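Peer 1: Dropping the structure in here first, questions after.
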Amino acid sequence: MSKSSLFKKKLNSGKYGSADEVIFEAFRLLEERDRHYEQWLQDTRQKVADGLAQLDRGEGLDGESVMARLKERVRM
């Protein structure tokens, strides 16, 4: 479906009173998606930092142990 036909479909759905409302909703959803992405990025960076700190303290696991745990989880 092309972008213009999606726009027309949304406008003709009756849910929106004008083209401006469709555009406003699109920007609102885009902003919401961007906020979720930024939060995910921040959380991921913190998890990486935490993991690196654990490795620096010698709390890491060897690759074989990690793979064994992952394979066990997949079997469940």
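Peer 1: In nm, to one decimal, how far is the modelled label at residue 56 from the one at residue 27, with both set 7 Å along Cα→Cβ?
Peer 2: 4.3 nm
Peer 1: Here's another thing I want to ask about it. Within 10 Å of each candidate Cβ there may be at most 15 other Cβ atoms; applying that plus a DSSP loop requirement, which GluC sites (Glu not before Pro) in region 26-63 survive?
Peer 2: 59
Peer 1: State the extension gain, in nm to one decimal, for the chain segment bounded by residue 71 and residue 18, taking 0.36 nm per residue of separation less the distance between their alpha-carbons.
Peer 2: Result: 13.8 nm gained on full extension.
Peer 1: If one takes the longest principal axis of the Cα atoms in the chain, at what angle in degrees, from 0 to 90 and to the nearest 10, does the Cα axis of helix 63-75 lie?
Peer 2: Rounded to the nearest ten degrees, it is 50.
Peer 1: Let me ask something else. Project the alpha carbons of region 9-76 onto their principal axes and report the range along each, largest first, in whole Å.
Peer 2: Principal extents (Cα only, largest first): 60, 30, 11 Å.
Peer 1: Loop-only trypsin sites (Lys or Arg not before Pro) in the chain, please: DSSP not H, G, I, E or B, and at most 16 other Cβ atoms within 10 Å.
Peer 2: Loop-located and lightly packed - 15, 57.
Peer 1: Per DSSP helix of 4 or more residues, -39500 (n - 2.57); summed, then divided by the residues of the chain. What does that give at 222 nm, rounded to the nearest 500?
Peer 2: When only DSSP H runs of four or more count, the value is -27500 deg cm²/dmol.
Peer 1: For every other residue with a beta carbon closer than 14 angstrom to the beta carbon of residue 7, add +1 if it is Lys or Arg and -1 if Asp or Glu, then tell me the sum. Could you put the intermediate results ahead of the total?
Peer 2: Numbers: positive: 3, 8, 9, 10, 15; negative: 20, 21, 25.
Once positives and negatives cancel, what remains is +2.
Peer 1: Estimate the FRET efficiency between residue 9 and residue 34 by the formula 1/(1 + (r/R0)^6), using the beta-carbon distance for r and 25 Å for R0, to the nearest 0.05. Walk me through the numbers before you get to the answer.
Peer 2: Numbers: r = 24 Å, r/R0 = 0.97.
Approximately 0.55, to the nearest 0.05.
Peer 1: For every other residue with a beta carbon closer than 13 angstrom to the beta carbon of residue 41, add +1 if it is Lys or Arg and -1 if Asp or Glu, then tell me the sum. Don't skip to the answer; put the middle values down first.
Peer 2: Numbers: positive: 33, 35, 45, 47; negative: 34, 38, 43.
After counting each charged neighbour, the total is +1.
We did not get these values from a lab; they are worked out from the coordinates using the rules stated. Since the model is a prediction, treat every value here as computed from it, not as a measurement. Cβ coordinates were reconstructed from backbone atoms using ideal geometry, including for glycine residues, and neighbour counts include every protein chain displayed.
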